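What follows is calculated from the coordinates using simple rules that are stated; it is not laboratory data. Since the structure is predicted, the reported quantities are computational estimates derived from the model, not experimental observations. Note: ideal-geometry Cβ built from the backbone for every residue, glycine included; neighbour counts use all protein chains shown.
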Amino acid sequence: MPFFLTNSEFSDYQSKGFLIRERVFSASELSLLRSAAQQAQTDAVELIQQGAAQGRKIQPYALDGNRFTDIDFITVQFEHGVANDAVRVIEPVNELSQHFDALIDEPRLTQPMQQIVGTHELALWTAKLNLKPAKEGSGFRWHQDSPYWIHDCDHVDQLPNVMVLFDDADASNGCLRVIQGSHKNGRLPGCEDGSQLQGFFTHPTAFSEQDQVLMEAPAGSVVFFDPHIVHGSQPNHSDAPRRAIIITYQPAGYPALKSRVVRPVLKSFNP
Ligand SMILES: O=C(O)CCC(=O)C(=O)O
């Protein structure tokens, strides 16, 4: 069954910088994705504790007062506050989880991505598991992805994202929000607030928050979004986690962001 974007979906994506497709994954697939998220989190914490004995390089550090630990080239971000052991993000999560690695080849994601990237054959750029725990899951300041990636890649325009929602997402649990149309302005200036990561957050004068659109959608939905779009999210104030994976594709043949190894994407078929 083909999952390619219709002409109107594709032109919508191009003009707004995002596209939501609702209920792409079924309830049984979602329960597998949620278990895989739990497992990845448990495995990451175990590796941080015991990985050194297995020959892994475990490197803890802090940026702007927030905790990170690298397990070789896999980065685990912890929720904000030094004493917080809740995992916030694991990147690239496919290196810890076969289930998420297999998801990268899923035609419901890759067929639209062939059109968006503009090539029949794809490779993985990166895959982030965002766990956004209940009550404490922190927000993401307004940012573009392209400034993070420009130093490692000369084709940032061809690094679109797709977010797969494992839970219903809305304003109460910190759904993704985007500044509609902001992708058309390319890379925007960063903040100058003295923080270590200041340059990665988009300067507030470079866009208007009035143009924000909430990516509210039921669990199993997918959100495609442009690498230049200004986006972020509020904290999760609800009683349940708001889990999601964001997979970023690129044209075939290029190495992935962190492993620097090419992860080819299984080809489904040509449009
Ligand atoms: O998951 C979220 O709430 C936002 C994620 C985000 O902005 C990112 O990972 O770049």
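With contacts taken as Cα pairs under 8 Å and at least 6 residues apart, the chain reaches a relative contact order of 28 percent. Placing dummy labels 7 Å off each Cα toward the beta-carbon, the span from Ser195 to Ala171 is 2.3 nm. Residue-wise HN-Hα couplings along segment 181-193, as the Karplus relation 6.51 cos²θ - 1.76 cosθ + 1.60 with θ = phi - 60° gives them from phi, are x, 5, 5, 6, 8, x, 7, 9, x, x, 6, 10, 10 Hz; Gly and Pro carry x. Within the chain, the whole DSSP H helices whose Cα atoms reach 30 Å or more along their own axis and whose mean Kyte-Doolittle score is at least -0.5 are 27-50. Take the convex hull of the alpha carbons in segment 184-271; its mean projected area over all directions comes to 9.5 nm². Bridgeable lysines around Lys128 (alpha carbons under 18 Å apart, same-chain partners fewer than 8 residues away excluded): Lys258.
Projected label points at Ile150 and Glu9, each 7 Å from Cα along the beta carbon direction, are separated by 3.2 nanometres.
In a DSSP loop and with at most 15 other Cβ atoms within 10 Å, the trypsin sites (Lys or Arg not before Pro) in segment 221-270 are Arg260, Lys267. Using a simple spin-label model with pseudo-atoms 7 Å out from Cα toward Cβ, Gln212 and Ala53 lie 4.6 nm apart. Residues with beta-carbon under 13 Å from that of Glu29, excluding Glu29: net charge, scoring Lys, Arg +1 and Asp, Glu -1? Here the charged neighbours net out to +2. Applying the criteria of a DSSP loop state and at most 13 other Cβ atoms within 10 Å to the trypsin sites (Lys or Arg not before Pro) of segment 76-156 yields Lys135. One decimal place: the segment Thr42-Lys135 gains 31.5 nm when fully extended, by the rule 0.36 nm per residue minus the C-alpha distance.
Start at zero, step by 10 Å, and the Cα-Cα distances of segment 1-155 spread as 9, 31, 36, 20, 4, 0 percent across the bins. Would you compute, from DSSP H runs of 4+ residues alone, the mean residue ellipticity of the chain at 222 nm, taking -39500 (n - 2.57) per run and dividing by the full residue count, rounded to the nearest 500? Helix contribution divided over all residues of the chain: -6000 deg cm²/dmol.
What is the ratio of the Cα radius of gyration of segment 51-137 to 2.2 N^0.38 Å, with N the residue count, to two decimals?
Here the Cα radius of gyration is 1.32 times the empirical estimate.
Here the Kirkwood formula, the inverse mean of 1/r across different C-alpha pairs, assigns the chain a hydrodynamic radius of 18.9 Å.
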